[in-house]
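The block underneath contains the structure these notes are about, expressed in structure tokens.
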Amino acid sequence: MLLILFSAIDICRVLYTYTAISSAARDGARTASLTGSLYSDCQIISELEQVGQGFPVRMDPNSIVGNSDPNNPSGSLQPTTPPPNVGYAYIWPAVATGDPPDSNCNSGTQRAISPSVKHVAVEVQYHFTPLLPFLGSLTQDIIIRTVSVVTTE
């Protein structure tokens, strides 16, 4: 009976986690689409941390200038998998100039938005760890991933 109860709790935790990180990704993408964010990722990073609803969301170490689209990753700067119980936020195209991105989030160069597409994307990945060790042994890594794409204004 307890196994069923704790399994139900873990399923609810997964759903809540997905809802929280989806909301953070949407708000981050919306902030990235505004003209005030053309030269800085700082406001986007702040928005992601505030809307993350208690989940530790850090900037992905690969979320720096020259990174690839999270919907079509290529090259060396792709979204990376976060450690357990941590979320990574990945902004594309990023203007952060170094690692860690949240310490180097300003740039003298404008966000490299394609003139024909005019999209920005924010991906948040969260490495979920179940409460029950039994469930953790059945599933190696539960990565909850959401990408939000918004047209720039």
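Data overview
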{"item": "Positions within segment 115-153 being part of a loop (DSSP other than H, G, I, E, B) and either of a type in the set (S, T, N, Q) or modelled with pLDDT of 75 or more (or both), in sequence order", "result": "S116, K118, T129, P130, L131, L132, T139, Q140, D141, T152"}
{"item": "The lone exception for P61 - which of (1) in contact with a strand residue (DSSP E or B) (Cβ under 6 Å, 6 or more places away or on another chain); (2) at pLDDT 85 or above it fails", "result": "(1)"}
{"item": "Long-range neighbours under 8 Å by Cβ, at least six apart or interchain, first residue in contact (Cβ under 8 Å) with a residue 12 or more places away in the chain within segment 25-53, second basic (K, R) and outside any helix (DSSP H, G or I)", "result": "A32/R111; S37/R111; L38/R111; Y39/R111"}
{"item": "When residues of segment 2-24 are limited to those that are of a type in the set (S, T, N, Q) and either touching a residue at least 60 places away in the same chain (Cβ under 8 Å) or touching a strand residue (DSSP E or B) at 6+ places or on another chain (Cβ under 6 Å) (or both), the one farthest from P93 (Cα to Cα)", "result": "S7"}
{"item": "Residue under evaluation P83, criteria (1) modelled with pLDDT of 90 or more; (2) of a type outside the set (D, E); (3) more than 12 Å from the chain's Cα centre (by Cα); (4) outside any loop (DSSP other than H, G, I, E, B), criterion not met", "result": "(4)"}
{"item": "Only one of Q78, Q110, Q50 that is assigned to a loop (DSSP other than H, G, I, E, B) and over 17 Å from V149 (Cβ atoms)", "result": "Q110"}
{"item": "Qualifying residues in segment 45-57 (those that are in contact with a strand residue (DSSP E or B) (Cβ under 6 Å, 6 or more places away or on another chain) and under 19 Å from I142 (Cα atoms)) - the one surrounded by the most Cβ atoms within 10 Å (Cβ to Cβ)", "result": "V57"}
{"item": "Of residues in segment 100-114 being surrounded by 14 or more Cβ atoms within 10 Å (Cβ to Cβ) and of a type in the set (S, T, N, Q), the one modelled with the highest pLDDT", "result": "S107"}
{"item": "Counted residues, segment 65-99 - those being among the charged types (D, E, K, R) and either under 18 Å from G36 (Cβ atoms) or loosely packed, with under 15 Cβ neighbours inside 10 Å (or both)", "result": "1"}
{"item": "Residues being in contact (Cβ under 8 Å) with a residue 12 or more places away in the chain and exposed (fewer than 10 other Cβ atoms within 10 Å of the Cβ) - total across segment 138-153", "result": "1"}
{"item": "Those residues of segment 79-103 which are without any contact (Cβ under 8 Å) to a residue 40 or more places away in the chain, within 22 Å of T152 (Cβ to Cβ) and not aromatic (F, W, Y), in sequence order", "result": "P93, T97"}
{"item": "Tally of residues being in a helix (DSSP H, G or I), modelled with pLDDT under 85 and crowded, with 19+ Cβ neighbours inside 10 Å across segment 13-44", "result": "1"}
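The values are calculated or read from the model by the stated rules, or taken from the named source; none is laboratory data. Note that this is a predicted model, so its numbers are computed, not measured. Glycine also receives a Cβ, built like all others from the backbone with ideal geometry; neighbour counts cover every protein chain displayed.
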